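Every number here is computed from the coordinates shown, using simple stated rules; none is lab data. As the structure is a prediction and not an experimental result, all values here were calculated from the model. Neighbour counts are summed over all protein chains in view; Cβ atoms, including those assigned to glycine, are modelled from backbone coordinates with ideal geometry.
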Amino acid sequence: MNGRHPPKSDENPIVREDLRTGLTAEAIKNDILENLVYVQARIPKIATRNDWYMALAYTVRDRLLERWGMAIESLQQSSRAVCYLSAEFLPGPHLGNAILNLGMYEQTKEATARLGLDLDALISHEGEPGLGNGELGRLAACFLDSLATLEIPTIGYGIRYEFGIFDQEIHDGWQREVTDKWLAFGNPWEIVRPEIAYYVPLGGYTETYYDRLGRFRVRWVPERVVKGIAHDTPIPGYHVENVALLRLWKSEACESFDFQAFNEGDYYGAVEDKVASETISKVLYPNDEPIPGKELRLSQQFFFVSCSLQDMIRVHRLGGGVPATFDRRYAVQLNDTHPAIAVAELMRLLVDKQRIDWERAWEITRNTFSYTNHTLLPEALEKWPLPLFRKVLPRHLEIIFEINRRFLEDVRLTYPGDSERLRRLSLIEEADDRYVRMANLAAVGSHAINGVAALHTDLLKETVMRDFYELYPERFLNVTNGVSPRRWMLLCNPGMSGLITDAVGENWVCNSQDSIAGLESFADDGAFREAWRKVKQGNKMELARHISERTGIVVNPESLFDIQVKRIHEYKRQHLNALHIISLYIRLKRTPSLDVPPRTVIFGGKAAPGYARAKLIIKFINSIADVVNIDPDVADRLKVVFFPDFNVKNGQLIYPAADLSEQISTAGKEASGTGNMKFSLNGALTIGTLDGANVEIREAVGPENFLVFGLTAREVTDLKMRGYRPWESYEQNEELREIIDLVRSGFFSRGDRDLFEPLVNELLSRDEYCLLADYPSYLEAQEKAGKAYLVQGQWLRMSILNVARMGGFSSDRSIREYLDHIWKVDSLKASGSRGNGRP
Ligand code: T68
């Protein structure tokens, strides 16, 4: 496969006008009409916007499928492929991205215009598959984009949830969860593959027997078997012919399954409970909720992992491979511990099914897998109660016991007599109740373990994975996250992208780091700054229009847009931001002549449905907004907005409109962050703690272009060790006292003194996330931000420098690091030795 760019205009000599998938405006127009009639079954006269959207989506898909055929062929011919196993993928709307990556925007605009349609309106008509909670799923999507663009043979494996993340509505300031309806009008991007289906056993028991050759064996007699059916979505690379394959599994009941393939026991009872089978891929679990008791969640994890591994074995066979060379054929990344059961499942498939001996199977398994950790929060580390695990996966528990037995034997030899260490490293937690520790399983079964930002990897090595690091230091490495410059710059911010391309040429889209640095020399150019300002202003006006449509709040686009969008969580400290708003409000009321720029503070993000305090934080923000937004004393100088239903699509609107990016988590808690990168890549300045990737962003853009505040991770730990007494901050800081007393008085809750008591109480008594400790330095940094914004020329300079220096945060860079240090997979265009031909 070569890296030829698709033809871009009618004049291009290599246009395929004669083909159904031609890229001229006329070919596109004709295909839209054909798809409208023959796929969507509508005639133009009565077609709705949705009908036209569907017809256009099928038209673009036709062009993707043409590339797909080639990609599948290359996948089969390639020496090694990347398989990204992730319980979540958040690809965002497909249409605009696909049109952009295929290089067919201009022709499509012309084609739709000829049909009397507005292309941009059709693009914004599309909803999105919300098959993830937040950054972890979005990272997986950025990685597929980069893998496709770098022309790496790739399959992303996951679950086709019927109901993804809920839609968020705000009623009386409270979050209300509404069922996601992403499949209500059909999904034009996926291809159902009923012929690619696998049986997944669940429950039951194991028994021993002697096989025909008289060998002692174990077999699993499951209680039931579900079927997983492949649903494929092509993910296009940018201006290359390659596409990555996103293969998601939908569970179905199997009324009759192939007993031949499964002739190992009595399965007659295994086909009952059809409803339970279909339930498996029904709904995405929200994060931030305790999961130990959730049998369905464990079934989901095993379901998609088993289908994916069986699929890999089948494809490998098709290419003439044998199971013993599985590890040479695939590099499989475990996106957090959600797919960690893959370690035991591959062992089962190799040992029980393929009859490979244990030692060799273990070698293959470890060569195959690598594991990415995304969190240090102890409550988020997955562990399953043993009885539940045995009930769902009896054979896997035996396999895990055996892995553990052999592993601990090795540990004993390395650390004789150190029973404490043995206890900590064990795959089984032996407290009052026993648990299977998924992070330990992933660590033992992988040849590489990575964190997602430098600080996070360091802390990983010092804290939750310390014993593993001491045992296997060579397995640990850092790969700092990145985001796709296609979706998060070119697509969402065409104005700014145009300016960058005019300044440095178009190479930056795929080769960010080197090319975009050329922008630095424009930071002092008055005309360039003015153009930059105008683009930002336009983006802010667009967001202001949406804010007014969605919330009725009218905001001043000239004001400083101060934005915090991310999941709502106490460690992310949206309520620290809220305390600053109250402080500003009080100051403005007291001193009308205060020399600060007008500010609009915008929030967005979902709270897990069972996380009461996060939901109260949303109510808190909206309650402050209710008071501030109607107060004539601060009119036009301070506004507060909670933008409902933050998702990829809304993000594409929000990031480009930001002046100030709030990255204010307690140091040591946010593994990396990727929102921080999206803001900065769109010209926002960051106000942030030294947490996650903020540390590296600050180094890259220069400390003078970044507003840092707060305790460092080490200082947080020290403070807690010494004994943190948050009420002392309250007693010592007059302004803080005034703010907290105002909240307690019911001022923001129509006199209700109890409403926010759980929030205030936590802050004064425990303050787990150190808001009060960081409050004074946060306020100082905010003041600095306000002052800096008043000097527009300097602000613009800092904004341009942020973008110029952020090239390293492209997910292309992250993927190259995974390729070079973990996966060892060649680009399709290298066709030969490793490393050739990579951009
Ligand atoms: C995030 N984790 C990290 N988890 O919080 C963030 N959790 O710092 C990092 O940038 C990002 O991963 C990518 O590395 C998540 O988003 C989840 O969404 C999640 C989902 C299910 C269960 C637990």
- Query: If we sort 34-41, 537-544, 629-636 on the protection proxy, mean other Cβ atoms within 10 Å, highest first, what's the order?
  - Reply: 537-544, 34-41, 629-636
- Query: Which lysines, on any chain, are close to Lys45 with Cα under 22 Å apart, when same-chain ones fewer than 8 places away are left out?
  - Reply: Lys29, Lys109
- Note on the structure: Kirkwood Rh for segment 485-809 from C-alpha pairs, in Å, is 20.1
- Query: For the residue pair Ser124 and Gln732, what label-to-label distance in nm results when each label sits 7 Å from Cα along the Cα-to-beta-carbon direction?
  - Reply: 5.0
- Task: Before anything else, pin down the relative contact order of segment 323-457: Cα pairs under 8 Å, at least 6 apart, normalised by residue count, whole percent.
- Result: 35
- Task: Could you tell me what fraction of 2.2 N^0.38 Å the Cα radius of gyration of segment 557-602 comes to, as a two-decimal ratio?
- Result: 1.30
- Item | HN-Hα J in Hz across segment 604-619 - Karplus 6.51, -1.76, 1.60, θ = phi - 60°, x for Gly and Pro | x, x, 9, 9, 4, x, x, 9, 4, 5, 5, 5, 5, 5, 4, 4
- Message: I'd like the Karplus ³J(HN,Hα) series for segment 336-347: coefficients 6.51, -1.76, 1.60, θ = phi - 60°, whole numbers in Hz, and an x wherever there's a Gly or Pro.
- Response: 6, 8, 4, x, 5, 4, 4, 4, 6, 5, 5, 4
- Task: Return the distance in nm (one decimal) between the two label points of a simple spin-label model at Ala612 and Leu477, each offset 7 Å from Cα along Cα→Cβ.
- Result: 4.6
- Task: Using only C-alpha positions, report the orientation-averaged shadow area of the convex hull of the chain, nm², one decimal.
- Result: 37.1
- Ranked from highest to lowest mean number of other Cβ atoms within 10 Å per residue, what is the order of the peptides 514-526, 476-488, 227-239? 476-488, 227-239, 514-526
- For segment 170-183, 3J(HN,Hα) per residue [Karplus equation, 6.51 cos²θ - 1.76 cosθ + 1.60, θ = phi - 60°, Hz, x = Gly/Pro]: 10, 10, 6, x, 9, 6, 10, 8, 10, 4, 5, 10, 5, 9
- Task: Would you please state which residues of segment 566-607 a label at Asp752 would reach in this model, taking the label point 7 Å out along Cα→Cβ and a backbone N cut-off of under 12 Å?
- Result: none
- Message: For the chain, what does the relative contact order come out to in percent, with C-alpha contacts under 8 Å and a separation of six or more?
- Response: 13
- Query: Taking other Cβ within 10 Å of each residue's Cβ, how do Met438, Met798 sort, fewest first?
  - Reply: Met798, Met438
- Query: Between Ala113 and Val178, what is the label-to-label distance in nm when each label sits 7 Å out along the Cα-to-Cβ direction?
  - Reply: 3.5
- Nearby lysines by direct alpha-carbon distance to Lys649 (threshold 18 angstrom, same-chain neighbours under 8 apart not counted): Lys181, Lys540, Lys566, Lys606, Lys678
- Item | Partners for Lys353 among aspartates and glutamates (Cα-Cα distance below 20 Å; same-chain residues under 8 apart left out) | Glu207, Asp211, Glu223, Asp258, Glu264, Asp266, Asp311, Asp327, Glu345, Glu363, Glu398, Glu402
- Least to most buried among Val275, Val596, by other C-beta atoms within 10 Å and fewest first, runs Val275, Val596
- Note on the structure: With no solvent term and unit scatterers on the alpha-carbon positions of segment 325-478, Debye gives log₁₀ I(q)/I(0) at q = 0.15 Å⁻¹ of -0.78
- Task: Using only Cα atoms, locate the centre of segment 38-102 and the centre of segment 625-657, then give the distance between them in Å, rounded to an integer.
- Result: 34
